Every structure is written in C-alpha cells, then in structure tokens.
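Participant: This is the structure I want to talk about, given as structure tokens.
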Amino acid sequence: MRVNTDLDKSMLGRRTELDWLRIGAFGLLILFHVGMFYVPWQWEVKSPRVLPWLQVPLDWSTPWRLLLLFVVSGAATRFMSLRLSPRDLFIKRSLYLLPPLVFALAVVTPPQMYVRAIEQFDYTGSFSAFLRRYFSFDHSFCRPDDCLVMPNWNHLWFVAYLWVYTVLLLVALALVPNLFAGIQARGEALLRGSRLLVLPALTLGLAHIALAHFFPETHDITNDWYLHTIYLATFLFGFLFVFSKPLWSDLVKRRWLALVIGIACYATHTAYELHFHGHAIPMAVKLPMSLVFGFEQWSWVVAMMGFARLYLAGRDGSVRRYLTEAIFPYYIVHQFTIVLVGHALARLGLPLPIEAALLLTATVASCALAYEVARRLPLLRPWFGLKRMPTQNALPAPLVRAG
C-alpha cells in the first residue's frame with residue numbers, strides 16, 4: 001500500500017488531536033479503575049467502605065471510552081497502511097501488541113488473580129502454590145455467579161481485541177486491496193451532515209437491542225459478540241474516515257449538539273439505572289433505553305472528536321510527546337498497582353480520603369516508575385509496548401553539507 005496522492009495533505013501530517021484523544025481515554029480508564037475499588041460493582045478487589053454515589057460519575061465515560069479508543073486505533077492503523085504492505089503491517093502490529101499481552105498473562109495478571117482468589121474465593125494457599133494452579137489452567141475457583149479464568153489477560157483484553165481486528169482488516173486488504181475504497185466513498189456520502197450523528201447512534205442502539213442480552217460483556221474473545229460488533233465497527237470507522245476532511249468538518253460543526261445530546265442521554269440513563277436498580281424492567285422501557293444508550297455512546301465520541309479537532313490539532317510539545325509514549329506502559333501497570341495496593345490499604349483502616357489519595361498516588365507513581373525503567377532498558381521496551389530504540393549511525397552526519 002502506498003500513500004494516496006488524492007488525500008488532502010492537511011489530513012496526512014501529525015494528527016496531534018488523535019494523540020490527545022488516546023491519552024485522554026486511557027487516562028480516564030486509569031481513574032475509572034481507581035474508582036472501581038470504591039463502588040459496589042463487581043471487580044477485582046473491593047474496599048470495605050464502598051461509596052454508592054461514586055457510580056454516577058464513573059458511569060459517565062463507561063459507554064463511550066473504549067469506543068473512542070477503537071476509533072483512534074483504527075485511525076492509527078490507516079496511517080501505517082499508507083507506507084506498509086499488509087504483511088509488514090501485520091509484523092509491525094504483532095511485535096507491538098503481542099509482547100505486552102504475553103507479559104500481562106505471565107507477569108502482570110497472576111498477582112492480581114492471587115489477591116482476587118483471597119478476597120473472593122477465600123484462598124489461603126501461598127502465591128507459589130497459586131502460580132502452579134494459574135499456569136496449569138486450573139478452573140476450580142468457582143462460585144455460583146463467577147469463576148476465575150486462568151491464565152487471564154485481565155484488563156489487557158483491549159490489546160487482544162485490537163490485534164484480532166487488525167488481523168481481520170489486513171487479511172481483507174491482502175485479499176481485496178481495493179475493498180475499502182468504495183465503502184469509504186459511499187460511507188462518506190452517507191454520513192454527511194446530521195446523519196453522522198444519527199446513523200451510527202441508531203446502529204449502536206440496535207446492536208444493543210439485538211445482541212447485548214444474548215451476549216453480555218465478558219471479555220471472552222470467543223463469545224463476546226456484542227462487544228465485537230460495536231468495537232470492530234468503530235475500529236473500521238477510524239480506519240476508513242481518518243482522512244475524510246468533510247466528515248471531520250462535520251464533527252467540528254456538530255460538537256456542541258453532540259455534547260448536549262450526550263449530557264441529556266447520560267442524565268436519562270443515570271435516572272433509569274437508579275430508578276430500576278434491583279427491579280424488573282419492562283420491555284417497553286428496555287427497548288427505547290437501548291436507543292438512548294446508543295445515542296449516549298456515539299454523541300460523546302462525536303463531541304470528543306469534534307472538540308479535539310478544533311482545539312488540539314497541532315497542539316504539540318513535551319507533554320504530548322512524553323504521554324504519547326508513556327500511556328501504554330501506564331495502561332499495562334496501573335491495575336496491577338490498584339489491586340495490590342488497594343488490597344493492602346484496605347486492611348490498615350486509614351481515613352478514607354487519605355487511603356484514596358495514597359492509592360491514586362501509588363498508581364501514578366508506579367506507572368511513571370515502570371515507564372522510566374522500561375524506556376531505558378532495551379530488553380524491557382517491547383514488553384511494555386515501547387518501540388525498539390533507534391539504532392545510531394556508525395558515523396555522525398556532517399555538520400555542513402559538502403559543496
């Protein structure tokens with residue numbers, strides 16, 4: 001694949017707004033997981049002092065945060081496809097995504113699963129004994145509503161799904177090189193104007209109606225068809241339309257409308273969750289709420305992309321450069337720290353504000369430390385999602401051009 005010279009050159013440069021969207025979405029994810037320690041929802045470990053009110057702010061980014069990440073990931077894949085063949089792109093993405101996934105399975109996840117076995121399944125054995133069970137695919141940690149699946153990629157399921165979607169896309173490109181040209185042209189025409197906001201939202205809502213009940217979110221890659229449907233679709237959206245100047249212009253024009261719709265749908269969804277919590281929900285309410293949920297998901301994506309394009313395109317500097325590289329190691333490490341430190345802090349009985357501040361500080365500090373160590377050690381870089389260090393030329397370039 002080569003650069004399409006028909007593409008607008010203004011869309012081909014460094015798209016810093018995409019970097020900032022990726023940084024922001026992962027940052028929200030890290031804060032979300034810190035909050036998960038304190039809400040009643042099922043999670044790895046729990047504070048003995050849950051805060052039910054915290055569910056409301058945490059639920060704000062839940063519908064759309066991962067959708068936005070898959071859009072940005074699709075866009076990044078399109079950029080790479082301009083200069084790499086499907087085969088070379090497959091190698092490049094595999095070398096980037098698979099080592100962190102293996103690292104998570106072998107190193108990052110086992111201590112988290114051990115703590116979870118202690119808290120949720122009353123495990124009393126040693127960590128070494130637990131590791132033998134973990135790597136032997138032991139599935140005996142079970143209770144009526146839950147089982148430990150071991151080994152487990154845990155929060156790095158996003159990486160596994162992204163790799164699978166990338167492979168599917170590259171297979172399609174290798175078999176039919178021009179497959180997406182017509183789809184892109186027709187999609188760009190179809191999604192112009194207000195349809196950019198309405199049609200994807202309706203699609204997400206209908207997918208929720210058709211699939212969410214039968215295939216609830218599990219992060220089991222073989223049986224997660226609702227999530228596969230919406231995440232693969234948004235990944236392809238980013239791939240197809242990252243260079244579409246008309247669509248990005250529409251995203252900017254509709255950012256405020258999308259924001260208002262997103263806020264309204266979030267408020268409606270929150271009221272719905274609070275009102276029907278623990279009660280049977282009539283089908284006459286479920287169906288329209290699925291459509292509301294679809295609009296909630298997509299409106300925030302549109303708003304975030306529109307505002308980012310307007311205010312963050314071309315906004316570069318040392319902070320963006322640092323976070324663009326650091327955010328993947330932060331993502332890999334953060335939940336490891338939250339689970340282990342949270343488990344330890346819960347037993348100290350500290351005042352809640354101090355405990356929460358210590359947990360957040362430890363999380364950020366461990367992420368920063370892991371990144372600073374990994375980036376300096378070539379052998380560690382691939383396992384933390386960092387590119388290999390550039391090789392230095394044997395002879396320095398001349399300071400003055402000859403002649």
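Participant: Which one of these is closer than 17 Å to Gln297 by Cα and either outside any helix (DSSP H, G or I) or at pLDDT below 95 (or both): Glu217, Glu188?
Facilitator: One residue alone meets the criteria, Glu217.
Participant: When the residues of the range 289-320 are narrowed to those that are under 20 Å from the mean Cα position of the chain (by Cα) and among the charged types (D, E, K, R), which ends up surrounded by the most Cβ atoms within 10 Å (Cβ to Cβ)?
Facilitator: Glu296
Participant: Scan the range 248-264 for residues that are touching a helix residue (DSSP H, G or I) at 6+ places or on another chain (Cβ under 7 Å) and closer than 10 Å to Arg309 by Cβ and jot them down.
Facilitator: Of everything in the range 248-264, those that are touching a helix residue (DSSP H, G or I) at 6+ places or on another chain (Cβ under 7 Å) and closer than 10 Å to Arg309 by Cβ turn out to be Trp248, Leu251, Val252, Arg255.
Participant: Can you name the residue in the range 16-31 that is more than 11 Å from Val72 (Cα to Cα) and not β-branched (Val, Ile, Thr) and is also farthest from the chain's Cα centre (by Cα) among such residues?
Facilitator: That would be Leu31.
Participant: Would you kindly identify the helices (runs of 4 or more DSSP H) lying entirely within the range 92-178 that contain at least 3 residues that are more than 25 Å from Pro329 (Cα to Cα) and modelled with pLDDT under 90?
Facilitator: Answer list for the range 92-178: 157-175.
Participant: Kindly indicate the residue of the range 232-268 that is aliphatic (A, V, I, L, M) and in contact (Cβ under 8 Å) with a residue 60 or more places away in the chain and also surrounded by the fewest Cβ atoms within 10 Å (Cβ to Cβ) among those meeting that condition.
Facilitator: Across the range 232-268, the extreme among qualifying residues is Leu257.
Participant: Would you mind stating whether Leu211 is surrounded by fewer than 16 Cβ atoms within 10 Å (Cβ to Cβ) and either within 15 Å of Phe295 (Cβ to Cβ) or free of Cβ contacts under 8 Å to residues at least 40 places away in the same chain (or both)?
Facilitator: No, not satisfied.
Participant: Name every residue in the range 365-388 that is in a helix (DSSP H, G or I) and either in contact (Cβ under 8 Å) with a residue 60 or more places away in the chain or at positive phi (or both), in order of residue number.
Facilitator: Cys367, Pro382, Trp383, Phe384
Participant: Under the condition of being of a type in the set (A, V, I, L, M, F, W, C) and part of a loop (DSSP other than H, G, I, E, B), which residue from the range 321-358 is surrounded by the fewest Cβ atoms within 10 Å (Cβ to Cβ)?
Facilitator: Among those that are of a type in the set (A, V, I, L, M, F, W, C) and part of a loop (DSSP other than H, G, I, E, B), it is Leu348.
Participant: Across the range 273-288, what is the total count of residues that are surrounded by 10 or more Cβ atoms within 10 Å (Cβ to Cβ) and aliphatic (A, V, I, L, M)?
Facilitator: 4
Participant: Among the listed residues Ala284, Ala258, which satisfies the condition of being small (Gly, Ala, Ser), touching a Phe, Trp or Tyr at 6+ places or on another chain (Cβ under 8 Å) and part of a helix (DSSP H, G or I)?
Facilitator: Ala258
Participant: Any residue at all in the range 371-388 that's hydrophobic (A, V, I, L, M, F, W, C), surrounded by 20 or more Cβ atoms within 10 Å (Cβ to Cβ), within 30 Å of Cys265 (Cβ to Cβ) and at pLDDT 95 or above?
Facilitator: No.
A quick yes/no check of all residues on (1) within 30 Å of Phe293 (Cβ to Cβ); (2) surrounded by 20 or more Cβ atoms within 10 Å (Cβ to Cβ):
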site: Val72; (1), (2): yes, yes
site: Thr77; (1), (2): yes, yes
site: Arg83; (1), (2): no, no
site: Ser94; (1), (2): no, no
site: Pro100; (1), (2): no, yes
site: Ala129; (1), (2): no, no
site: Ser140; (1), (2): no, no
site: Thr166; (1), (2): yes, yes
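Participant: Let me ask something else. With (1) farther than 23 Å from Leu148 by Cβ; (2) at pLDDT 95 or above as the list, and Arg87 as the residue in question, which single condition is left unmet?
Facilitator: Evaluating Arg87 over (1) farther than 23 Å from Leu148 by Cβ; (2) at pLDDT 95 or above leaves (2) as the failure.
Participant: Could you identify the single residue in Pro63, Pro57, Pro40, Pro48 that is assigned to a helix (DSSP H, G or I) and either crowded, with 21+ Cβ neighbours inside 10 Å or over 17 Å from the mean Cα position of the chain (by Cα) (or both)?
Facilitator: Exactly one residue qualifies, and that residue is Pro57.
The values are calculated or read from the model by the stated rules, or taken from the named source; none is laboratory data. Here the structure is a predicted model, which is why all the values come from computation and not from measurement. Neighbour counts run over all protein chains shown; Cβ positions are idealised from the backbone, glycine included.
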